[in-house]
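These notes concern the structure reproduced below.
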């Protein structure tokens with residue numbers, strides 16, 4: 001055997017021996033993988049006719065729903081939650097919705113920013129991850145002026161959406177932006193007024209706030225519909241393109257596991273709980289009868305789906321996941 005052949009044989013022998021040793025040796029990881037405990041910005045995109053709708057996550061907040069739901073009892077709330085493997089406090093989504101009509105980029109609700117603690121305030125990051133910038137937003141429609149819907153209008157002392165017109169029902173503006181109402185409010189409610197004022201007044205001063213009164217077409221394909229009760233000027237927004245419809249409910253309901261089965265259950269945050277329950281029942285019945293899509297600010301992200309009648313109540317049917325193409 002010549003020298004090159006001996007060299008090749010020696011190399012093969014060494015390789016085989018090395019593999020055998022490797023098979024016998026214990027396999028160990030060089031280091032344990034760290035637990036990350038962070039989430040990517042959240043967005044979900046779908047088409048509604050010719051409109052592009054993007055759900056934007058502002059994060060989640062833990063709510064003691066057994067203590068804040070009204071017209072029910074804690075025991076009934078716990079039982080209802082248990083059917084869905086939940087218990088109080090419930091991690092509750094805060095969602096906004098971005099609508100690209102082709103002519104306008106419109107945001108419905110702006111999230112909380114820093115008004116509801118460190119687990120919220122992610123809407124702008126979600127919007128950016130979805131491929132847009134705050135400067136591109138033409139209009140912001142506010143369902144009502146609670147802090148988890150208007151806080152994101154501001155970033156520090158700067159308007160988050162510098163080119164946008166902000167729109168909301170005049171009844172909400174008259175109530176939440178009133179210094180007289182703030183002065184009269186009990187101590188535990190003053191923060192609601194202060195949050196609304198800090199978020200909206202810079203737009204008012206810049207000439208960037210434009211109110212409406214009740215049912216109003218805002219742009220072709222998007223209409224505000226009065227659904228008062230949760231607040232004095234609470235509005236839902238009906239979006240329609242090519243015969244496809246989506247109702248953006250805002251805070252028409254809060255806890256799916258409880259309020260779909262029993263629409264009469266209300267919440268402490270309602271300004272007029274009886275009126276809020278009436279608005280909810282009306283919206284449920286219409287959506288179930290006509291089969292259009294609905295989206296809720298506090299339905300589990302992305303919070304888009306259908307509802308159907310189920311005995312004396314209703315059942316939630318989340319949208320089937322689809323990658324837009």
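The values are calculated or read from the model by the stated rules, or taken from the named source; none is laboratory data. None of the values given here were measured: they were computed from a predicted structure. In this analysis, Cβ positions are derived from the backbone assuming ideal geometry, glycine residues included, and neighbour counts consider all displayed protein chains.
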The condition of being outside any strand (DSSP E or B), modelled with pLDDT of 95 or more and more than 21 Å from the chain's Cα centre (by Cα) holds, among 271, 300, only for 271
Flagged in region 107-127 as assigned to a loop (DSSP other than H, G, I, E, B) and buried (at least 22 other Cβ atoms within 10 Å of the Cβ), in numbering order, are 109, 110, 111, 112, 113, 115, 122
Q: Kindly indicate whether residue 323 is surrounded by fewer than 17 Cβ atoms within 10 Å (Cβ to Cβ) and in a loop (DSSP other than H, G, I, E, B).
A: yes
Is it true that residue 103 is farther than 30 Å from residue 325 by Cβ, outside any strand (DSSP E or B) and either at pLDDT 95 or above or in contact with a strand residue (DSSP E or B) (Cβ under 6 Å, 6 or more places away or on another chain) (or both)?
no
- Task: Test residue 277 against the stated conditions and say whether it is in contact (Cβ under 8 Å) with a residue 60 or more places away in the chain, within 18 Å of the chain's Cα centre (by Cα) and assigned to a helix (DSSP H, G or I).
- Result: no
Those residues of region 85-102 which are in contact (Cβ under 8 Å) with a residue 40 or more places away in the chain, in contact with a helix residue (DSSP H, G or I) (Cβ under 6 Å, 6 or more places away or on another chain) and loosely packed, with under 15 Cβ neighbours inside 10 Å amount to none
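To keep it simple, each residue is scored yes or no on (1) within 21 Å of residue 75 (Cβ to Cβ); (2) without any contact (Cβ under 8 Å) to a residue 12 or more places away in the chain; (3) surrounded by 17 or more Cβ atoms within 10 Å (Cβ to Cβ); (4) touching a helix residue (DSSP H, G or I) at 6+ places or on another chain (Cβ under 8 Å).
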site	(1), (2), (3), (4)
259	yes, no, yes, yes
266	yes, no, yes, yes
273	yes, no, yes, no
294	no, no, yes, yes
307	no, no, yes, yes
318	no, no, no, no
In region 217-259, anything part of a loop (DSSP other than H, G, I, E, B) and under 12 Å from residue 167 (Cβ atoms) is listed as 233
Residue count, region 280-292, condition farther than 28 Å from residue 73 by Cβ, touching a residue at least 40 places away in the same chain (Cβ under 8 Å) and out of contact with any strand residue (DSSP E or B) (no Cβ under 6 Å at 6 or more places or on another chain), comes to 1
